[in-house]
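Okay, structure first, notes after.
The values are calculated or read from the model by the stated rules, or taken from the named source; none is laboratory data. Computed from a predicted structure; not experimentally measured. Here Cβ is always computed from backbone atoms with ideal geometry, including for glycine, and neighbour counts include all displayed protein chains.
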Amino acid sequence: MDEKRRILIKGMVTGGTLLAFGIPTIAQAASISQTLSGSTRNCQLLLGNTPIDEAFAKGAQAACSRYINYHHSTLPAFPLEDALLTNPLRIVDLLMQSRNMRWIAVMDYASAAIFTELVRNFEGRLLSLGSHMSSSGDDASFPTRHVWTSASPLYSSGRLLASLLSQNQHDFSIVENFLEQTAIDRAMKDSSLAGFSSYWLAEQPATHLHCAGVSPLEVGQLIGWKTSENWKSVSSRSDESSNDRDKTTAGATIKQLRFDNWIEATGYAVVATALGMETHQESCSSRAFVHRSSQRNPDHRELPGNHFVSFVIDV
(Lines give C-alpha, C1' and ligand atoms only; values in the text may rest on other atoms or scores of the structure.)
Protein backbone atom coordinates (compact mmCIF):
# COMPACT_ATOMS: atom_id res chain seq x y z
CA MET A 1 0.00 0.00 0.00
CA ASP A 2 1.14 3.53 -0.80
CA GLU A 3 2.70 5.11 2.31
CA LYS A 4 0.57 8.28 2.15
CA ARG A 5 -2.59 6.23 1.86
CA ARG A 6 -1.54 4.06 4.79
CA ILE A 7 -0.98 7.13 6.97
CA LEU A 8 -4.35 8.59 5.90
CA ILE A 9 -6.18 5.37 6.76
CA LYS A 10 -4.39 5.16 10.10
CA GLY A 11 -5.48 8.71 10.87
CA MET A 12 -9.09 7.89 9.96
CA VAL A 13 -9.10 5.02 12.41
CA THR A 14 -7.36 6.70 15.32
CA GLY A 15 -8.22 10.36 14.87
CA GLY A 16 -11.35 10.62 17.02
CA THR A 17 -13.90 10.23 14.19
CA LEU A 18 -15.88 7.49 15.88
CA LEU A 19 -19.02 9.57 16.12
CA ALA A 20 -19.26 9.38 12.34
CA PHE A 21 -18.98 5.61 12.61
CA GLY A 22 -22.08 5.28 14.77
CA ILE A 23 -20.87 5.41 18.38
CA PRO A 24 -24.03 5.33 20.53
CA THR A 25 -25.32 8.43 22.24
CA ILE A 26 -25.31 8.52 26.02
CA ALA A 27 -28.90 7.26 26.10
CA GLN A 28 -28.05 4.36 23.80
CA ALA A 29 -24.95 3.55 25.84
CA ALA A 30 -27.02 3.39 29.02
CA SER A 31 -29.49 1.09 27.32
CA ILE A 32 -26.68 -1.18 26.18
CA SER A 33 -25.19 -1.38 29.67
CA GLN A 34 -28.51 -2.58 31.06
CA THR A 35 -28.49 -5.53 28.65
CA LEU A 36 -24.80 -6.30 28.91
CA SER A 37 -25.33 -9.80 30.30
CA GLY A 38 -27.57 -10.63 27.38
CA SER A 39 -25.00 -9.37 24.89
CA THR A 40 -22.18 -11.42 26.36
CA ARG A 41 -24.04 -14.64 25.65
CA ASN A 42 -23.72 -13.78 21.95
CA CYS A 43 -20.10 -12.68 21.75
CA GLN A 44 -17.84 -13.81 18.93
CA LEU A 45 -14.24 -13.15 18.00
CA LEU A 46 -13.49 -11.85 14.49
CA LEU A 47 -9.88 -12.44 13.44
CA GLY A 48 -8.83 -10.28 10.51
CA ASN A 49 -6.14 -12.46 8.95
CA THR A 50 -3.20 -10.67 10.61
CA PRO A 51 0.11 -11.98 12.05
CA ILE A 52 -1.11 -11.31 15.59
CA ASP A 53 -4.34 -13.36 15.35
CA GLU A 54 -3.02 -16.40 17.20
CA ALA A 55 -1.57 -14.47 20.14
CA PHE A 56 -4.63 -12.22 20.49
CA ALA A 57 -6.98 -15.21 20.33
CA LYS A 58 -4.97 -17.02 23.02
CA GLY A 59 -5.46 -14.11 25.40
CA ALA A 60 -9.12 -13.84 24.40
CA GLN A 61 -9.78 -17.49 25.21
CA ALA A 62 -8.01 -17.10 28.56
CA ALA A 63 -10.44 -14.29 29.43
CA CYS A 64 -13.39 -16.39 28.33
CA SER A 65 -12.34 -19.38 30.43
CA ARG A 66 -12.09 -17.20 33.56
CA TYR A 67 -15.48 -15.57 33.08
CA ILE A 68 -17.58 -17.81 35.33
CA ASN A 69 -20.95 -16.63 34.00
CA TYR A 70 -20.12 -17.34 30.38
CA HIS A 71 -21.91 -20.40 29.03
CA HIS A 72 -19.11 -21.72 26.82
CA SER A 73 -15.59 -22.85 27.62
CA THR A 74 -14.26 -21.09 24.52
CA LEU A 75 -15.20 -17.93 22.67
CA PRO A 76 -16.49 -18.71 19.16
CA ALA A 77 -13.99 -17.37 16.61
CA PHE A 78 -14.57 -16.44 13.00
CA PRO A 79 -11.34 -16.09 10.96
CA LEU A 80 -11.35 -14.07 7.75
CA GLU A 81 -9.49 -16.34 5.39
CA ASP A 82 -9.62 -13.80 2.54
CA ALA A 83 -8.34 -10.24 2.82
CA LEU A 84 -11.14 -7.88 3.79
CA LEU A 85 -10.04 -5.32 1.21
CA THR A 86 -10.75 -7.75 -1.64
CA ASN A 87 -13.96 -9.26 -0.29
CA PRO A 88 -15.99 -6.70 1.74
CA LEU A 89 -19.27 -8.36 0.77
CA ARG A 90 -18.33 -11.24 3.02
CA ILE A 91 -18.40 -8.88 5.98
CA VAL A 92 -21.77 -7.52 4.89
CA ASP A 93 -23.17 -11.06 4.83
CA LEU A 94 -21.61 -11.74 8.22
CA LEU A 95 -23.21 -8.64 9.76
CA MET A 96 -26.61 -9.53 8.28
CA GLN A 97 -26.43 -12.94 9.93
CA SER A 98 -25.29 -11.65 13.33
CA ARG A 99 -28.07 -9.48 14.71
CA ASN A 100 -27.87 -9.04 18.51
CA MET A 101 -24.24 -10.14 18.35
CA ARG A 102 -21.30 -8.50 20.09
CA TRP A 103 -18.17 -8.78 17.96
CA ILE A 104 -14.63 -8.42 19.28
CA ALA A 105 -12.50 -7.86 16.18
CA VAL A 106 -8.80 -7.41 15.38
CA MET A 107 -7.55 -6.12 12.00
CA ASP A 108 -4.82 -4.15 10.29
CA TYR A 109 -5.33 -0.42 9.75
CA ALA A 110 -6.46 -0.63 6.13
CA SER A 111 -9.07 -3.31 6.81
CA ALA A 112 -10.22 -1.43 9.91
CA ALA A 113 -11.08 1.71 7.93
CA ILE A 114 -13.33 -0.29 5.60
CA PHE A 115 -14.81 -2.39 8.40
CA THR A 116 -15.90 0.63 10.45
CA GLU A 117 -17.59 2.12 7.40
CA LEU A 118 -19.49 -1.14 6.81
CA VAL A 119 -20.58 -1.20 10.45
CA ARG A 120 -21.78 2.40 10.23
CA ASN A 121 -23.85 1.66 7.11
CA PHE A 122 -25.27 -1.37 8.86
CA GLU A 123 -26.27 0.80 11.86
CA GLY A 124 -24.02 -1.13 14.19
CA ARG A 125 -22.79 0.36 17.46
CA LEU A 126 -19.03 0.78 17.66
CA LEU A 127 -18.44 0.78 21.42
CA SER A 128 -14.67 0.78 21.52
CA LEU A 129 -11.81 1.20 19.06
CA GLY A 130 -8.18 0.67 20.02
CA SER A 131 -4.94 1.25 18.16
CA HIS A 132 -2.11 -0.99 19.40
CA MET A 133 1.52 -0.80 18.33
CA SER A 134 4.99 -1.84 19.35
CA SER A 135 8.39 -0.51 18.39
CA SER A 136 12.03 -1.03 19.29
CA GLY A 137 15.23 0.97 19.36
CA ASP A 138 16.61 3.80 21.43
CA ASP A 139 14.14 6.28 19.95
CA ALA A 140 11.13 4.38 21.27
CA SER A 141 9.75 6.11 24.39
CA PHE A 142 7.76 3.01 25.28
CA PRO A 143 7.98 -0.39 23.54
CA THR A 144 4.18 -0.76 23.48
CA ARG A 145 1.61 2.00 23.00
CA HIS A 146 -2.17 1.80 23.07
CA VAL A 147 -4.70 4.49 22.16
CA TRP A 148 -8.41 3.88 22.73
CA THR A 149 -11.54 5.83 21.89
CA SER A 150 -14.62 4.41 23.62
CA ALA A 151 -18.26 5.35 24.03
CA SER A 152 -17.76 5.70 27.79
CA PRO A 153 -15.57 4.33 30.61
CA LEU A 154 -18.02 1.43 30.75
CA TYR A 155 -16.25 -0.04 27.71
CA SER A 156 -12.71 0.78 28.80
CA SER A 157 -10.01 -1.90 28.72
CA GLY A 158 -7.14 0.38 29.72
CA ARG A 159 -7.09 -0.12 33.46
CA LEU A 160 -7.16 -3.91 33.23
CA LEU A 161 -4.45 -3.95 30.57
CA ALA A 162 -2.29 -1.62 32.66
CA SER A 163 -2.60 -4.04 35.60
CA LEU A 164 -1.60 -7.00 33.45
CA LEU A 165 1.37 -5.33 31.78
CA SER A 166 2.76 -3.66 34.91
CA GLN A 167 2.80 -6.97 36.80
CA ASN A 168 5.09 -8.35 34.11
CA GLN A 169 7.33 -5.25 34.15
CA HIS A 170 6.40 -4.04 30.67
CA ASP A 171 7.14 -0.46 29.66
CA PHE A 172 4.00 0.99 28.07
CA SER A 173 1.66 3.91 27.57
CA ILE A 174 -2.12 3.65 27.39
CA VAL A 175 -4.23 6.67 26.43
CA GLU A 176 -8.03 6.56 26.53
CA ASN A 177 -10.59 9.09 25.32
CA PHE A 178 -14.28 8.76 26.16
CA LEU A 179 -17.09 10.32 24.17
CA GLU A 180 -19.39 10.34 27.19
CA GLN A 181 -18.62 10.32 30.90
CA THR A 182 -20.34 7.67 32.98
CA ALA A 183 -22.14 8.96 36.07
CA ILE A 184 -20.11 7.26 38.80
CA ASP A 185 -20.14 8.35 42.41
CA ARG A 186 -16.62 7.16 43.15
CA ALA A 187 -13.50 9.12 44.03
CA MET A 188 -10.56 8.92 41.65
CA LYS A 189 -8.36 7.63 44.48
CA ASP A 190 -10.33 4.37 44.40
CA SER A 191 -9.34 3.93 40.76
CA SER A 192 -5.61 3.98 41.42
CA LEU A 193 -3.52 0.91 40.63
CA ALA A 194 -0.97 -0.60 42.97
CA GLY A 195 2.42 0.94 42.25
CA PHE A 196 0.97 3.87 40.28
CA SER A 197 0.71 7.51 41.35
CA SER A 198 -2.55 9.20 40.35
CA TYR A 199 -3.11 12.79 39.25
CA TRP A 200 -5.80 15.04 37.81
CA LEU A 201 -5.33 18.18 35.76
CA ALA A 202 -6.36 21.35 37.58
CA GLU A 203 -7.74 23.16 34.52
CA GLN A 204 -9.32 19.96 33.16
CA PRO A 205 -10.55 17.89 36.14
CA ALA A 206 -11.89 15.18 33.82
CA THR A 207 -8.34 14.45 32.61
CA HIS A 208 -6.72 11.78 34.78
CA LEU A 209 -3.22 10.36 34.81
CA HIS A 210 -1.82 7.22 36.44
CA CYS A 211 1.95 6.80 36.11
CA ALA A 212 4.78 4.70 37.53
CA GLY A 213 8.50 5.24 37.09
CA VAL A 214 7.98 8.51 35.22
CA SER A 215 6.91 12.02 36.27
CA PRO A 216 3.66 13.68 35.13
CA LEU A 217 5.57 16.43 33.32
CA GLU A 218 7.56 13.90 31.30
CA VAL A 219 4.45 11.89 30.53
CA GLY A 220 2.81 14.88 28.84
CA GLN A 221 5.71 15.13 26.41
CA LEU A 222 5.97 11.39 25.78
CA ILE A 223 2.31 10.74 24.95
CA GLY A 224 1.54 14.01 23.20
CA TRP A 225 -0.55 15.65 25.90
CA LYS A 226 -0.17 19.37 26.45
CA THR A 227 2.58 19.89 29.00
CA SER A 228 1.24 21.32 32.22
CA GLU A 229 2.59 22.00 35.68
CA ASN A 230 -0.88 21.88 37.20
CA TRP A 231 -1.10 18.16 37.83
CA LYS A 232 -2.67 17.62 41.25
CA SER A 233 -1.77 14.50 43.17
CA VAL A 234 -4.64 12.40 44.47
CA SER A 235 -4.64 12.17 48.25
CA SER A 236 -3.14 8.98 49.64
CA ARG A 237 -5.79 8.95 52.35
CA SER A 238 -8.55 6.56 51.38
CA ASP A 239 -11.28 4.43 52.77
CA GLU A 240 -9.72 1.07 53.65
CA SER A 241 -12.80 -0.97 52.91
CA SER A 242 -13.07 0.59 49.46
CA ASN A 243 -9.41 -0.15 48.69
CA ASP A 244 -9.70 -3.71 50.00
CA ARG A 245 -12.76 -4.31 47.85
CA ASP A 246 -10.97 -2.98 44.78
CA LYS A 247 -7.86 -5.07 45.40
CA THR A 248 -9.97 -8.17 45.89
CA THR A 249 -11.83 -7.65 42.62
CA ALA A 250 -8.71 -6.98 40.59
CA GLY A 251 -6.56 -9.60 42.33
CA ALA A 252 -9.08 -12.39 41.84
CA THR A 253 -9.01 -11.77 38.11
CA ILE A 254 -5.38 -11.20 37.26
CA LYS A 255 -3.17 -12.28 40.17
CA GLN A 256 -1.96 -15.56 38.69
CA LEU A 257 -2.17 -14.75 35.00
CA ARG A 258 0.97 -15.02 32.89
CA PHE A 259 1.21 -14.10 29.22
CA ASP A 260 3.85 -14.91 26.65
CA ASN A 261 3.71 -11.39 25.21
CA TRP A 262 1.83 -8.07 25.28
CA ILE A 263 -0.50 -9.08 22.45
CA GLU A 264 -1.95 -11.93 24.53
CA ALA A 265 -2.45 -9.52 27.43
CA THR A 266 -4.24 -7.09 25.10
CA GLY A 267 -6.52 -9.85 23.83
CA TYR A 268 -7.38 -10.77 27.41
CA ALA A 269 -8.16 -7.18 28.44
CA VAL A 270 -10.31 -6.37 25.41
CA VAL A 271 -12.38 -9.55 25.65
CA ALA A 272 -12.69 -9.42 29.44
CA THR A 273 -14.18 -5.94 29.18
CA ALA A 274 -16.51 -6.95 26.34
CA LEU A 275 -17.76 -9.86 28.46
CA GLY A 276 -18.41 -7.60 31.44
CA MET A 277 -15.58 -8.81 33.69
CA GLU A 278 -13.95 -5.44 34.36
CA THR A 279 -16.51 -3.54 36.44
CA HIS A 280 -14.16 -0.94 37.96
CA GLN A 281 -14.91 2.39 36.28
CA GLU A 282 -13.62 5.93 36.55
CA SER A 283 -15.63 9.02 35.62
CA CYS A 284 -13.45 11.05 33.24
CA SER A 285 -13.27 12.22 29.64
CA SER A 286 -9.67 11.13 29.07
CA ARG A 287 -6.99 9.32 31.02
CA ALA A 288 -3.61 7.69 30.62
CA PHE A 289 -1.67 4.87 32.23
CA VAL A 290 2.11 5.12 31.77
CA HIS A 291 4.58 2.63 33.21
CA ARG A 292 8.36 2.55 33.10
CA SER A 293 9.90 -0.50 34.70
CA SER A 294 12.76 -0.23 37.16
CA GLN A 295 14.27 -3.27 35.43
CA ARG A 296 16.49 -2.22 32.56
CA ASN A 297 16.29 -5.63 30.87
CA PRO A 298 12.93 -7.14 31.83
CA ASP A 299 12.43 -10.79 30.92
CA HIS A 300 9.66 -10.53 28.36
CA ARG A 301 9.21 -10.32 24.61
CA GLU A 302 7.89 -7.00 23.35
CA LEU A 303 7.28 -8.36 19.81
CA PRO A 304 8.40 -5.15 18.05
CA GLY A 305 6.91 -4.04 14.77
CA ASN A 306 3.34 -5.18 15.38
CA HIS A 307 0.47 -2.77 14.65
CA PHE A 308 -3.22 -3.62 14.76
CA VAL A 309 -6.67 -2.29 15.60
CA SER A 310 -9.23 -3.79 17.97
CA PHE A 311 -13.00 -3.22 18.04
CA VAL A 312 -15.94 -4.00 20.29
CA ILE A 313 -19.12 -3.73 18.22
CA ASP A 314 -22.81 -4.48 18.79
CA VAL A 315 -24.85 -5.28 15.69
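For the reader, a short list of remarks on this structure follows.
- Qualifying residues in the range 156-182 (those that are in a loop (DSSP other than H, G, I, E, B) and touching a helix residue (DSSP H, G or I) at 6+ places or on another chain (Cβ under 8 Å)) - the one modelled with the lowest pLDDT: Thr182
- Within the range 83-117, tally of residues that are within 19 Å of Thr149 (Cα to Cα) and surrounded by fewer than 18 Cβ atoms within 10 Å (Cβ to Cβ): 2
- Residue list for the range 93-124, filter: over 12 Å from Phe308 (Cα atoms) and part of a loop (DSSP other than H, G, I, E, B): Gln97, Ser98, Arg99, Asn100, Met101, Phe122, Glu123, Gly124
- Given (1) closer than 16 Å to Gly267 by Cβ; (2) at pLDDT below 90, index of the condition Val92 fails: (1)
- Considering residues of the range 206-225 that are hydrophobic (A, V, I, L, M, F, W, C) and not in a strand (DSSP E or B) only, the residue modelled with the highest pLDDT: Val214
- Condition met for Glu278 (of a type in the set (Asp, Glu), over 15 Å from Asp171 (Cα atoms), at pLDDT 85 or above and crowded, with 21+ Cβ neighbours inside 10 Å): no
- Looking across the range 89-116 at every residue that is charged (D, E, K, R) and under 20 Å from the mean Cα position of the chain (by Cα), the one that is nearest to Thr273 (Cα to Cα) is identified as Arg102.
- Some residue of the range 249-270 being farther than 30 Å from Ala55 by Cα, part of a loop (DSSP other than H, G, I, E, B) and modelled with pLDDT of 80 or more: no
- Test: Leu126 is modelled with pLDDT of 85 or more and surrounded by 20 or more Cβ atoms within 10 Å (Cβ to Cβ): yes
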